[in-house]
Amino acid sequence: MSAERSPKALRAAIAEHTPALLADFDAQWKRDIADAYDIAPVPAFLARWWGEYAIARDPLLEDQVNRVEDEAAETTDLPRAKALLGESAHLRRAARQAEPAR
């Protein structure tokens, strides 16, 4: 059975398991969604934050994402930077697809 992926469920999961993310989540929710008249951005917002939550819950994955992104930021080799950013994007997409842990 898949876990609920509502905004309320996501916020509760972040508050319980990754509270260090909560202030950023709340600030972005307020800025991007709460005062909006259009709910179209909600699915993209939730996908991004489920990914952030999944990464924060997995220290090995978080280290891998940080290492790849740091290397991309520091390299002066454009093809290498593009490859590293592609790897980071792949890791983040995979994290967004993971079932939320309880």
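The values are calculated or read from the model by the stated rules, or taken from the named source; none is laboratory data. Because the structure is predicted, anything quoted here is derived from the model rather than measured. Glycine also receives a Cβ, built like all others from the backbone with ideal geometry; neighbour counts cover every protein chain displayed.
Some points to look at:
- Test: Ala56 is on the phi < 0 side of the Ramachandran plot, in a helix (DSSP H, G or I), within 12 Å of the chain's Cα centre (by Cα) and of a type in the set (A, V, I, L, M, F, W, C): yes
- Set Ala20, Ala40, Ala47: member being closer than 28 Å to Gly86 by Cα, at pLDDT 90 or above and in a loop (DSSP other than H, G, I, E, B): Ala40
- Complete set of residues in region 62-83 that are within 30 Å of Arg5 (Cβ to Cβ) and either outside any helix (DSSP H, G or I) or in contact with a Ser or Thr (Cβ under 7 Å, 6 or more places away or on another chain) (or both): Val65, Val68, Glu69, Ala72
- Of the residues in region 48-56, at least one is over 13 Å from Leu10 (Cβ atoms) and surrounded by 10 or more Cβ atoms within 10 Å (Cβ to Cβ).
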